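So the structure is just underneath, and the comments pick up after that.
We did not get these values from a lab; they are worked out from the coordinates using the rules stated. Everything numeric in this text was worked out from a predicted model, so none of it was measured. Neighbour counts run over all protein chains shown; Cβ positions are idealised from the backbone, glycine included.
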Amino acid sequence: MNRKNFIRSSVMAGAALMVGGGKSLSAQAISTAKEKPFNMKFSPEFGIFKELVGKDLVDQIKWGNDQGFRAWENTYLASKSVADQERISQAVQKLGMEFGQFVGTMNFKIPTFASRDQSVRDQVLKEVRASVEIAKRMNTKFIHNVLGTADPKLQWDFQMANAIDLLKRCAEIYEPHGMMMVMETMNHKINHAGMFLHTIPQAYAMAKAVGSPSVKILFDFYHVQIQEGNILPTLDYAWDEIGYMQIGDTPGRNEPTSGEVNFVNVLQHVHDKGYRGFMGMEHGISKPGKSGELAALAAYRSVDPK
């Protein structure tokens, strides 16, 4: 049996034990059992385990903590009420967990960072300033800002110059607060055709040009595998400018072991290099229902670095 099949078989066997009512892993017991903390700072998103936990935000965080998750993140946090943000933050801190990234500015329809339009750039900076207050509320320093689409009417080097200049303005806002903006490369082949930032070398060049600890790369394994492949050498080259990581297997953008990426090796490599930051779980679940979510939970145990 090859390695991938062995891991998948082990994961499904573990999930079967869970569903069958094994120690602390039945759907009923899983809400109260305290499992060993993960070595890696895997950071779930709201709704990823919705069949097991339900919709209440704090219940999801408490359940995640019981399963060994030490962190949480929420991409669309800025759209939630201040009351909900405070409720989430209080729950995370009370449990001794950490809160990771949320999105400060995001546009998938028009050029923003690549644009020279002053009204567009002013709106970006307005949203960046607002993200500082949200980050303070959440006791986090990580803000994920999406760089918008490319501008088909403007030469590429002009777009790069525009983006670098606006990133420098963002750095000026975040630096006094010790906060970090992270920028995510998004693949053109399946999900986000036309987005401005789509490769790690491009992000690396911009981060180097800005030269600030407040502007770094969000390395999303799902996007990198689709757009570029060659994950470990790319990761190693860009290492000094990577500030945050997210996980998702391909094809499908689901949990580790559901696709082609060897996350046992990849995450051990990341851990061995000394990364102790967030590993955001921005993905779906490959199998339906509670059994699928339990299998995904077991998959994370199978790839957690030693």
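Please state which one of SER81, SER119, SER131 is over 22 Å from the mean Cα position of the chain (by Cα) and among the hydroxyl-bearing types (Ser, Thr, Tyr).
SER119
Applying the selection to segment 133-142, what residues are free of Cβ contacts under 8 Å to residues at least 60 places away in the same chain and closer than 20 Å to ARG87 by Cβ?
Result: GLU133, ILE134, ALA135, LYS136, ARG137, ASN139, THR140.
Can you tell me which of ASP157, ASP151 is farther than 27 Å from PRO44 by Cα, touching a residue at least 12 places away in the same chain (Cβ under 8 Å) and not small (Gly, Ala, Ser)?
Details: ASP157 fails: touching a residue at least 12 places away in the same chain (Cβ under 8 Å).
The conditions single out ASP151.
Restricting to segment 69-121, give me the number of residues that are surrounded by fewer than 17 Cβ atoms within 10 Å (Cβ to Cβ) and not in a loop (DSSP other than H, G, I, E, B).
Residues that pass the stated criteria total 11.
Only one of (1) in a loop (DSSP other than H, G, I, E, B); (2) crowded, with 22+ Cβ neighbours inside 10 Å; (3) under 17 Å from the mean Cα position of the chain (by Cα); (4) in contact (Cβ under 8 Å) with a residue 40 or more places away in the chain fails for PHE42. Which number is that?
(1)
Just to be sure I understand, how many residues within segment 129-158 are buried (at least 21 other Cβ atoms within 10 Å of the Cβ), β-branched (Val, Ile, Thr) and not in a strand (DSSP E or B)?
Looking only at that region, the number is 2.
Quick one: in segment 48-68, of everything that is assigned to a loop (DSSP other than H, G, I, E, B) and over 14 Å from the mean Cα position of the chain (by Cα), which residue is surrounded by the fewest Cβ atoms within 10 Å (Cβ to Cβ)?
LYS55
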